[in-house]
Structures are given as C-alpha cells and as structure tokens.
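Heads up, the thing below is written out as structure tokens.
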C-alpha cells in the first residue's frame, strides 16, 4: 500500500522541535507497515458549481459503508450549508433517545457554499456538528485550517461520520486520485502535534504536496474526558511544520475518539483562484480587494490583529473591568500587564503568513515559537504554540490567577495536543480553584493537588492526569456541570454556592467575558442554542460601555439580530473577525454603525456572486433564522431548549460573595440607590447582596420574556406555529416536536 513520501530525518526549515522523536522517525516503517486496509472505495473527484458539489460523503465505521448522498434543493434553500447541513444530517441520524456515545450519533463537517474562496479574508471556516457529551444536545463548533475547503474541492459539501470502529482507524480521502480508504492504524502517536506531522508526510506525495494535505485529530485528553476537541491542520511552509486550529466546544473530540477514529486525512487539489466556479467572479474579486485595503490601512490603528491576533484585547478587557479573574469574581488584576498584548507581540513570530486559509490578510493565527516545555511527556521539547488567542490568555491565565506567560503558553500547548478545549479547561479550572479556596475541595479530595490560585504546576499536573486517565484529572475532565452535581451529592459544600459559582449553562462552560454589568451579554450567553459561547452575541461594549441599547426592547432587538447575523457565518464558511475587527474608516458615520453595514453588504454580494441567488440583508437574516429556530426545536426534541434551560448561574448576573461585592462596593451601593431605589446605608453586605440578587434576577427574567417575544417564541422558549410556518421549516417531524408545548 503506497502512502506517499517517507519522513526525512532532517527537517529543512522549522524553528520548532516538535520533535518527531527517535521512536517516530526510526519507527516509520513499522508505523506504515502496521496499517491494515479495511475498505477502499473509488469516487469521481469534482469541483463545486456555484459553491455546491450537490453531494455529501457518508462513512459508517461500524459497517465500513462508504457512500455518497445527494444534496437536495430543499437542503440548499432551507439549510444553506455548514452548520445547517450538519444539523439536518444529524437530525435524520439520531432519535430523541440518542446519547453522545451511541453509534448512531454523528460528527458532520461542512464548510458552506462560499467557503474556500481565496479573494476575501476569513473564508476558510468549517462547521462541526454532533450530539455533545457535555450538553446532550447538538453542538456546533467553527474551525479554520484547510480540511473543510480541501474536502469541498475534492467533491463533497459535507462529511458525515457514524458508527464505531473496532480498532483505531484513519479515514483518508484523496481528492486527486479519487480514492477513499479506511485503514486500521494501531501504532500512530495519539497527540495532535506529533500525529498530524506524521500523517501529513505519510499522505503527501511530495514535500510540495504537504500544503494540500490536512489532518483532523485529537489527543489523549479526549480519551479520558468529556471536553475533547478536534484539531484541523494546515501546512506552514515558512515554519516547515503543521499548524493547528481547533473545533473546541462541546466535546466533539470525545465523540471522535469514542468512535475510535484516530484521524481524518484529506489530500486535495492544488488551490487556484476560482475553484467554487462562482457566477460573478469579478464582484468577489472587487469585494475582496476592498477589504484587503481596509485591513492594510486600518488594522494598525484599530484592533492590530495582524500583529497580536485576538489577544490584543487582554488589557482592554482589564481596563473596563471585564477580564475574568479568579473564576469570574473580578474583572481586572494588577498583574494583567504580564499577559497583555505587548508580551505576545514579543513572543509571537511576526512578519510571517498567519492566515489559516489562503488569502486571509487579517492573519490573526499567531504562533509563539521556541517554547521549551517544563512538564509532561514532552518535557524539554521546543514547540510552537498556536496563540494564545484572547480566550486562552483570559481562561488559562487570569481566570485561574496565572500570569506567567511561559506557563500560560504551556497550558495552551498541552490543551491543544491533548485535544481539550482551552475555553472549557480555563473555566473548569477556575471553578476548581475557587472550590479549593472555599474549602469545598482540599488536598485529600484532589489527590494531593494544591489547586490554589495561580498554581500553574498543579494546573498542568491535573491536565496530564486527564491525558493519563487517572487521579483528580478524571473528575476535572467531566466538566463543571458534572462536578457541581458530584460535589453537591457528596455534601462537600453549600449547594447554592456551588450552583452559583459553577459557570456553565446547558452543560457548556462560559467563555471568557465578565457579564455582571451587561444584562444584554447575560442573555447573549444564556439564551444561546448550544450554550454560553461568545460567537453568538457579544454585546458588552454596546450595552455596558457605549450605552447603545438602554431599554429592554433595545437589548431584545440586539439579541434577535446579532445571533442571527453571526449564525450566517457558520452557514457559509466565514470567520466573523473580518466583519467587525476591522471596519471602514467612515463606519462611525453610517446608520447602525454597530452592524458595520458596508461589511454586511459585502456578505450579501459574496453569497449572491457565488451562488447566483440574489439575496438582500433581510433575506440573509431569514436564512439564519430558519436554521437557528430549527436548532432550537432540535434541542427540544433532545430534552432541552426550554426556558428552564436558558437560566444563568448567578455569578454571571451579579455578585455572589462578600468579597465580590466589597471589591466594587461603591459601584454596587450607587446602583442600589439610583437603580433599585433602596438606600444601602446601615445594611450588611449580605443584605445588599440579597437586594441586588432579587433585582438582577427579576431583570434577567424580564429580558427573557422580551427576547422570546421578539424571536417569535412562547414564554417557555418554544417557536410558535406562526414563526415555524413563516420560516418554511414546518415539516411534519418538526411540528410533532413542538405540538406538546403549543397544543
């Protein structure tokens, strides 16, 4: 069986030492020889027409069935692509009783009709959909890297994975030769940074061909936790090594390993200018040139994404009391400067190509080269860390009280290679550390881990325990929701306090923004379909800083518009960063400047020019609304998706503890006088906390009422018959789900 070029012992150019250590280099022939062909199926490679191949690929690892499925006109009209295709395929694969580790659960990867264009920045995203081990409902996670576009340019609009293999397997899709193979792979290394290096060389036909190969994998952490994620690669020609982007949320990597998938590998054709065979290439080219100029001219004065990536906002969040610190208790810290953007400017290699798909001049996928690891199985290795992104700096750093950049990078690296979500790890570790601080946990309960604030060594050891499948790490890897249930059942602390400080909703951990002073952001986190993730609505600055949405109706309108607008990115294969992290110079003078209207028009033009379907800004929202409401009904089908599931842990709404209140006593006392109408004089801190709690909880419930009404839902959060019919998703099986709630 041919597997392309052998791995050379000499690496021509790479300032990282991952290294493909002796056991992998000298054991190369044994690794290859141990592969056993399970099944090989030919197919006819194709390129999309107007953004669609009109077929998807289905693989069942229980039966080794490989087949093509048609993409119907209804799928394109209602579900568009990306997240929509994933949800539709998953809907038909599972039942209301399906759980994440059942064979019928699927992982669906779909890039979307506009994905893969090389003219417009941020156009290489894929959406990954599955039933989540953490939430028991559909999770969608967006990811960069080359796999989705290469899959599309091999001939498929989505990849649907079902069943469970008996032994660890690799799925190889050769979009040049037209071959799909399932191979048993018993000797491959498990962790992503090594595994993806091995497989890229194994399946590339030559050194020049490596850029046409992308690998999807996870790591040992996904084998022993519910928080596993997937790494999607691309080949960094300048560094001479693979780079990783993550489909992080909801435990999809855990599903991947439960199915005994070691990796997915796609080898696609050489990328050229118009592989989507669009209707109007000139419009796409002109629209792209316009944004490239904006990035070149404006980014140095706006978000500085090309230099810092998303970590540029660490000190900004700190300045506005929004940087999560010590499990979202506080919003700033005196040591924030140690993990601020100037630090990452120095640590991340500059003046290189950092776009995770062709043509992305925003180039935010920064890489911190030359980190020598201090702990774990790769101790002493020199590695590149992809990031840190803001969420990683805040979650792995300030939220756990860790302000040492070397340790933060090491935590980031091991999360990535072990295949564990960095956002989830940051939030669950912060919860554990606060529980330790408050006596809910102790040395006996943690198996000797001293999990005090800032103890990076203990944090890393807990992470290594997850990867080894032992110790307290096995408890941590279950996530915040299950830890809360366990601690309460064991009687380890006050149940109300544990519920209040455990930052999860629907079973998914919060991402890294402090929402106490932004009612709109509280809803933006808790009213989501999949759980609290900032990719649906980030409204803190509009609400808290700029005061642009003062009334409940204003907030409800924002919580209607932005989740739908952002959903659209995931239907088509776009990254959201080029939308609002660089803006036209005259944007502030435009009506509804917060929506970046010129960029919204860009997306309308790109979709129309790709598909030939002429849409407006209103139709863009309708495309999203169909999928968004369908996903809500999918949640209801799986046993969630109601008002009770949209309530937030109180830590995200207001001060839980005396320390929290007293850290901002002047602010909270003023709010009590001005907003609540109660004089705080003479009241104890506990009394003032209780007054705030009632007021803030009531406001949260009122916001829920107004948002549900604006979305066309009942007071229990169920889309009405009228809304379902208006959206054209009134399929019999959909109506059957909502019937018990609507009568």
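Computed from the coordinates by the stated procedures, all read-outs in this text should not be read as laboratory data. What you are looking at is a predicted structure, and each value in this text was computed from that prediction instead of being measured. FYI the Cβ positions are ideal-geometry reconstructions off the backbone, even for glycines, and counts take in every protein chain you see.
Starting from the alpha-carbon convex hull of the range 602-743, give the projected area averaged over all orientations, in nm². Intermediate values should be presented prior to the final figure.
Details: hull surface 50.7 nm².
For the range 602-743, the mean projected area of the Cα convex hull comes to 12.7 nm².
Could you work out the pair-distance distribution P(r) of the range 153-254 from its alpha-carbon pairs, with 10 angstrom bin width and percents rounded to whole numbers?
Taking all Cα pairs of the range 153-254, the binned fractions are 14, 44, 37, 5 percent.
Could you tell me the extents of the range 448-565's C-alpha atoms along the three principal axes, largest first, rounded to whole Å?
In descending order, the Cα extents are 50, 27, 25 Å.
Once the Cα atoms of the range 22-267 are picked out, what are the Rg and Dmax in Å?
16.6, 53
Just rank 464, 301, fewest to most, by other beta-carbon atoms within 10 angstrom. Walk me through the intermediate numbers first.
Details: 464 18, 301 9.
Listing 464, 301 from fewest to most nearby Cβ atoms yields 301, 464.
Taking the Cβ of each residue in 542, 202, 503 as the centre, tally the other Cβ atoms inside 10 Å and list the residues starting with the fewest. Don't skip to the answer; put the middle values down first.
Numbers: 542 20, 202 23, 503 27.
If I rank by nearby Cβ atoms, fewest first, I get 542, 202, 503.
Quote the convex hull volume per residue of the chain, based on C-alpha atoms, as a whole number of Å³.
Values: hull volume 107.3 nm³, N = 743.
For the chain, the hull spanned by Cα atoms encloses 144 Å³ per residue.
In a solvent-free Debye calculation with one equal scatterer on each Cα, what is log10 I(q)/I(0) for the range 303-509 at q = 0.08 Å⁻¹, listed in the order of the q values?
One equal scatterer on each Cα of the range 303-509 leads to -0.27.
So how do 480-489, 76-85 stack up, highest first, on mean other-Cβ count within 10 Å?
Values: 480-489: 18.3, 76-85: 25.7.
Order by mean packing, descending: 76-85, 480-489.
Please tell me the relative contact order of the chain in percent, rounded to the nearest whole number, where contacts are Cα pairs under 8 Å and at least six residues apart.
Values: 1648 pairs, mean separation 107.4, N = 743.
Value for the chain: 14 percent.
So what is the relative contact order for the range 22-267, in percent, with contacts set as C-alpha pairs under 8 Å and at least six apart? Don't skip to the end; give the middle numbers.
Numbers: 611 pairs, mean separation 55.2, N = 246.
This gives 22 percent for the range 22-267.
Ordered by packing density, taken as the mean number of other Cβ atoms within 10 Å over each peptide's residues, highest first, how do 42-52, 629-639, 392-402, 710-720 rank? Could the numbers behind the result be given before it?
Working: 42-52: 17.0, 629-639: 21.5, 392-402: 29.8, 710-720: 18.5.
So the peptides 42-52, 629-639, 392-402, 710-720, ranked by packing, come out 392-402, 629-639, 710-720, 42-52.
Return the calculated 222 nm mean residue ellipticity for the chain, to the nearest 500 deg cm²/dmol, obtained by summing -39500 (n - 2.57) across DSSP H runs with n ≥ 4 and dividing by the residue count.
Working: 27 runs with 278 residues, N = 743.
Computed mean residue ellipticity for the chain: -11000 deg cm²/dmol.
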